[in-house]
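The values are calculated or read from the model by the stated rules, or taken from the named source; none is laboratory data. Computed from a prediction, not measured in an experiment: that's the story for all the values here. Cβ: placed from backbone, ideal geometry, glycine included. Neighbour counts: every protein chain shown. To get the accessible areas, we keep the full protein, side chains included, count just its heavy atoms, and leave off ligands, DNA and RNA. Shrake-Rupley method; radii C 1.70, N 1.55, O 1.52, S 1.80 Å.
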Amino acid sequence: MVENLMAYEYSDLLSRSKEWALNAHQQDWLTAQQLASLDSAEMAQIAQEMPNRPLLIAFMGGTGVGKSSLLNRLAGKAIAKSRIARPTSREVTVFYHREVTLPNLPLCGVTVSHHDDDSQKMMVWIDMPDFDSTDTQNKALVLQWMPYIDMLIYVVSPERYRDEKAWQLLLAQGARHAWLFVLNQWDVGQHAQAEDFEKQLHLAGFDSPLVFKTSCTQTLADDEFASLTQMIGQLATQKTLEQLAYHVQQVRVHALQKQLQYYLACLGEPVAMQKLHTHWLEHWKLTSKQLQQGFAWRLPLLAEQFATHASDLRAASCDITLWDAWAQTRFEDTLNETIVYAQRQHLPILPLEQTMVAIRANAKKIVHQTVELETRQSLAKRGTWLHRGLLKMVGVAEIVLPLAAMGWVGYQVFNGYYESNQTHLHYLSVDFAVHSVLVCALSWIIPFFILKKCQPSLEKSALRGLNKGISHGLEALNQHIVASITQFESQQIAQLQQMNELLQASESISSQHLTFELDSPLERMLVSGDRQ
């Protein structure tokens, strides 16, 4: 049958939903309170598994509306204590045929009465406590019994049909049951009150509610008690039970679907994640600038320290005191502000915080390691690439120019000797010797002094490395945070995909319909938004 198939599909969907919710809670995507809301939203299984069982009919009403008197009139004898005997009902009374086997009901501490009327064999009458009483035990009893009830006869009086507690119960339980409404004590009622009562029922979701006007103390010409008993007898069939069982399953599916939609909203929108990325980059740009300005006053001292130990760079690694409590506070303030922004965007913040825990703890280490590495490299390769290129050219000139000068002098000596033998002129003069020495000396001294004087400053090189290290270190922090937000986004996508699959399954189940007969009384007894 369709209701059995729906029950199986619903049970499977509920199991998958609970498994997802538990995993999401373990990964901090759901809080403990949100996880518990799935159990609270799940309605207890109504005791409708027994075949050919009777219809469970409960009388609900506020104090003094005469529901116990109405039940006694329906039963044909005094099975429930009336208002005279007990001004406030504080117990549950069950009245049924002695040959009927009851479903599994919470009968502990319940007053049980039997009858032998075969015309009421398919009915179990249940008199419920007054739910508007100040006694909290009454409310607990009502809530305990509600999941087992098939049909509720909601009894009001002309004076108390607008009771706030009554309407709260009706709105909370309306979708779960079939409802008959009785305007009792009609001998003191007015038609305007009946019309207003029906308007209230329309607001509660009943398009065409079944309302009966009765009086249990006087015989009235327009008393509709007989119509009430006829309607109940017409509904006390196995077909009604099957239709109610299907309706209950539909309500449960709708409740679970609503809960899944709530979880979907808890996961946040993908567009909010994109806004989070943009917000972080914009906010970090300002924070990075503040940190660089805050580090500036320490850099000359650190540059001097690195320059002093330039011959042994290992000695400099233990003296970096750049990232202090002030820097850590600025960094964590930025992270916290980002988390607050994520919360304002309705994103779950616990998994985001978890991805940032390690970055918070290691921020100092990340920056200091980057600063040290860049400073070492700057000291190892002092100056800019253009500066280093020019120095290499001067170094080559320091070797090549003296050799060229000495080669030129040697050539002049050899050539002068040869010509003096041919012409019998003087060999080389003193002026030539002086000039030769000067040329050779200048060709070496000039490059030597250029190399000496144009060597990059150790302090300037260290300062350049520190600035570069700070810039790269802050960018490394930025990349870590971007990676954590990206990880957070990928987790959200996975959760959204799983939740959408569950919602599609719930929509597939809820699309199964059971059509009522035309002008079916049962259709009028159900909240319009939940009839199928």
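Please state which of the following conditions PHE295 fails to meet, knowing it meets all the rest: (1) over 33 Å from the mean Cα position of the chain (by Cα); (2) open to solvent by 60 Å² or more (accessible area, probe 1.4 Å).
Of (1) over 33 Å from the mean Cα position of the chain (by Cα); (2) open to solvent by 60 Å² or more (accessible area, probe 1.4 Å), only one is false for PHE295: (2).
For GLU198, only one of the following conditions fails: (1) among the acidic types (Asp, Glu); (2) open to solvent by 50 Å² or more (accessible area, probe 1.4 Å); (3) under 21 Å from ILE57 (Cβ atoms). What is its number?
Among (1) among the acidic types (Asp, Glu); (2) open to solvent by 50 Å² or more (accessible area, probe 1.4 Å); (3) under 21 Å from ILE57 (Cβ atoms), GLU198 violates only (3).
So, in region 85-105, exactly how many residues are within 21 Å of GLY61 (Cα to Cα) and at pLDDT below 85?
7
Might you check whether a residue that is under 26 Å from LEU241 (Cα atoms), in contact with a Phe, Trp or Tyr (Cβ under 7 Å, 6 or more places away or on another chain), assigned to a loop (DSSP other than H, G, I, E, B) and at pLDDT 85 or above occurs anywhere in region 107-125?
Looking through region 107-125, none of the residues is under 26 Å from LEU241 (Cα atoms), in contact with a Phe, Trp or Tyr (Cβ under 7 Å, 6 or more places away or on another chain), assigned to a loop (DSSP other than H, G, I, E, B) and at pLDDT 85 or above.
For region 460-479: of the residues being touching an Asp or Glu at 6+ places or on another chain (Cβ under 8 Å) and surrounded by fewer than 24 Cβ atoms within 10 Å (Cβ to Cβ), which is farthest from HIS279 (Cα to Cα)?
The residue in question is LYS468.
Based on what the data block shows, is LEU56 modelled with pLDDT under 85 and buried (at least 17 other Cβ atoms within 10 Å of the Cβ)?
no
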